[in-house]
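The values are calculated or read from the model by the stated rules, or taken from the named source; none is laboratory data. Everything numeric in this text was worked out from a predicted model, so none of it was measured. For neighbour counting, all protein chains shown are included, and Cβ atoms are generated from backbone atoms with ideal geometry for every residue, glycine included. Calculation scope for accessible area: heavy atoms of the full protein, side chains included, ligands and nucleic acids excluded. Shrake-Rupley method; radii C 1.70, N 1.55, O 1.52, S 1.80 Å.
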Amino acid sequence: MHRNPNNPILTRSDIPDIKPNLIDATSVFNPGAIKFKDKYLLMLRTQARSRETFLVIAESVDGVKFTVRDEIVHFKGLEKVKDRVYHIYDARITQIGDDYYIMFAMDMEDGCQLGVGSTKDFKEFEFLGIASNEDIRNGVLFPEKVDGKYLRMDRPNKARHSSGPTSGTSIWLSESDDMINWNPVAPLISGRFHYWDEFIGSGPPPVKTREGWLHVYHGVAGHFGSANIYQGGAMLLDLNDPSKVIGRCKHNILEPREIWEMAGQVPNVCFPSGWVVEDFDDEGFALPDSEVKIYYGAADTVVGLYHTTVQELLDAARESEIS
Ligand code: BMA
């Protein structure tokens, strides 16, 4: 697994001024990613000096050098939400059929909810609704229905101990008929206290391989007193029954090492949130030797890119097999 030599691939100076709200951006991080019509698209989280958060789209031909559009993503219908929405952020993008769905965190008065929107062209975006009814984060949709249901992984915000960070210790599988009303199916993995992934949450949406649903998640080591260290790891779910976990990495696959990962507005954060898996077979399974580009927020300040393959991630995900 290699960091791109041009890292960080996006910094605040790549964000154009978008008057009146986003001028002299403070940070850009935690992108959703997708390949759309031969271009790589990122949905970036940017912050203004008001510390308001805005989503903007960046596009690229090679997946490395991005140009940021000078408009803020507007989800049509979001303004109709009755309760106050402070920020929407950490977009995860999933293609299902001809539609692209975006699941994001919504900071509201009573905590964090998950919102869902859709687009066909990445120009017009529609808000479909609030897809949660509890404090929850890191919702990622599966790219296809399984047994007639939409599936997602999500992470209820329940700290393991009262003084711990507002995070969560288990990733759940949930199902839905309509993308808005979700029911928990089963807990998938839990935080491993004392190790790299004490608190956990999903990264980019899962990808189908012949060996199972491949997934990258983030883990937080919170046992260093003043520092929470955000890292990336891999796991694998059964193809036909994704409530069964096949394996999970023992060692992280990505951790803060570069200075721009260790220093920033939230130090020591590598937060994988988007990926592009390049090659699939005719039946839609990712090929083992396919290149994978993983986009991640670093220190809640810039965007990093690292390169790996499906096989490397599968090997990592099978490090601790679960029987
Ligand atoms: C998490 C989320 C992420 C953020 C990370 C590090 O709980 O809020 O959006 O990148 O913390 O601050």
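Tell me, what are the semi-axes, in whole angstrom and largest first, of the equivalent ellipsoid of the chain as set by the roots of 5 times the Cα gyration tensor eigenvalues?
Output for the chain: semi-axes of 26, 22, 22 Å.
Suppose each label sits 7 Å from its Cα in the direction of the beta carbon; what would the ILE259-GLU124 distance come out to in nanometres?
Calculated label separation equals 4.8 nm.
Check which residues have an amide H placed less than 5 Å from LYS244's amide H, if you skip close sequence neighbours.
ASP238
Can you pull the three principal axis extents for the Cα set of the range 4-56, in Å, largest first?
Result for the range 4-56: principal-axis Cα extents of 33, 25, 16 Å.
Apply 1/(1 + (r/R0)^6) to the Cβ-Cβ distance of LEU287 and VAL266, taking R0 = 51 Å, and write down the FRET efficiency to the nearest 0.05.
Details: r = 36 Å, r/R0 = 0.70.
About 0.90, to the nearest 0.05.
Which percent of the accessible area of the chain is formed by carbon and sulfur heavy atoms (probe 1.4 angstrom)?
47 percent
With all protein chains present and a 1.4 Å probe, how do TYR89, TYR230 order by accessible area, largest first? Before the final figure, lay out the partial values.
On the way: TYR89 10, TYR230 55 Å².
Ranked list, largest accessible area first: TYR230, TYR89.
Using the Cα centre of the range 2-317 as the reference point, and only Cβ charges (+1 on K/R, -1 on D/E), how large is the resulting charge dipole? Debye, rounded to the nearest 20. Please report the intermediate quantities before stating the final value.
Working: 33 positive and 46 negative charges, 153 e Å.
Once rounded to the nearest 20, the dipole reads 740 debye.
With an 8 Å cut-off on Cα pairs and a minimum separation of 6 or more residues, tell me the relative contact order of the chain in percent. Working shown, then result.
Numbers: 943 pairs, mean separation 51.1, N = 323.
It comes to 16 percent, rounded to a whole number.
How long is the gain from GLU59 to HIS307 if the chain were fully straight, where each residue apart is worth 0.36 nm and the alpha carbon distance is subtracted? Walk me through the numbers on the way to the answer.
Details: separation 248, 0.36 × 248 = 89.28 nm, distance 1.81 nm.
Length gained, GLU59 through HIS307: 87.5 nm.
Check THR26: other-chain or 5+ apart residues with amide H under 5 Å from its amide H, H built from backbone geometry?
GLN47, ALA48, ARG49
What is the packing order of peptides 257-265, 104-112, 212-220, taking the mean over residues of other C-beta atoms within 10 Å and listing the highest first?
Details: 257-265: 15.7, 104-112: 17.6, 212-220: 25.3.
Most protected by this proxy first, the peptides run 212-220, 104-112, 257-265.
Mind checking which of PHE66, CYS270, VAL245 is farthest towards the positive end of the chain's charge dipole, using Cβ charges of +1 (Lys, Arg) and -1 (Asp, Glu) about the Cα centre?
CYS270
With a 1.4 Å probe and all protein chains left in place, how much accessible area per residue does the range 2-317 have, in Å²? Don't skip to the end; give the middle numbers.
Numbers: 13480 Å² over 316 residues.
Roughly 43 Å² per residue, with all protein chains present.
Note down the relative contact order for the range 1-160 as a percent, whole number, built from C-alpha pairs under 8 angstrom at least six residues apart. Before the final figure, lay out each step's value.
Working: 353 pairs, mean separation 22.9, N = 160.
Worked out over the range 1-160, it gives 14 percent.
Projecting each Cα onto the charge dipole of the chain (Lys/Arg +1, Asp/Glu -1 at the beta carbon, about the Cα centre), which of PHE54, PHE75, ASN181 comes out farthest on the positive side?
Among PHE54, PHE75, ASN181, the one farthest towards the positive end of the dipole of the chain is PHE54.
Using the charge dipole of the range 2-317 (Lys, Arg: +1 at Cβ; Asp, Glu: -1 at Cβ; taken about the Cα centre), state which of PHE280, THR26, PHE224 has its Cα farthest towards the positive end.
Of the candidates, PHE224 comes out farthest on the positive side.
Report the paramagnetic label zone for ASP70: residues of the range 13-54 whose backbone N is under 11 Å from a point 7 Å from Cα along the Cα-to-Cβ axis.
16-19
Determine the dipole magnitude for the range 162-248: charges of +1 sit on the beta-carbon of Lys and Arg, -1 on that of Asp and Glu, nothing else is charged, the reference point is the Cα centre, and the result goes in debye to the nearest 20. Don't skip to the end; give the middle numbers.
On the way: 5 positive and 8 negative charges, 61 e Å.
Around 300 debye, computed over the range 162-248.
Long-range amide H contacts for ALA131: which residues qualify at under 5 Å (H placed 1.01 Å from N, peptide plane, sequence gap of 5 or more or a different chain)?
LEU114, GLY115, VAL116
Give me the extension gain from GLU144 to ASP241: residue separation times 0.36 nm, minus the current Cα-Cα distance, reported in nm with one decimal. Intermediate values should be presented prior to the final figure.
On the way: separation 97, 0.36 × 97 = 34.92 nm, distance 1.32 nm.
My answer for the length gained is 33.6 nm.
Taking the range 8-103, how much of its Cα-Cα pair set, in percent, is spaced more than 23 angstrom apart? Walk me through the numbers before you get to the answer.
On the way: 1122 of 4560 pairs.
Everything past 23 Å amounts to 25 percent.
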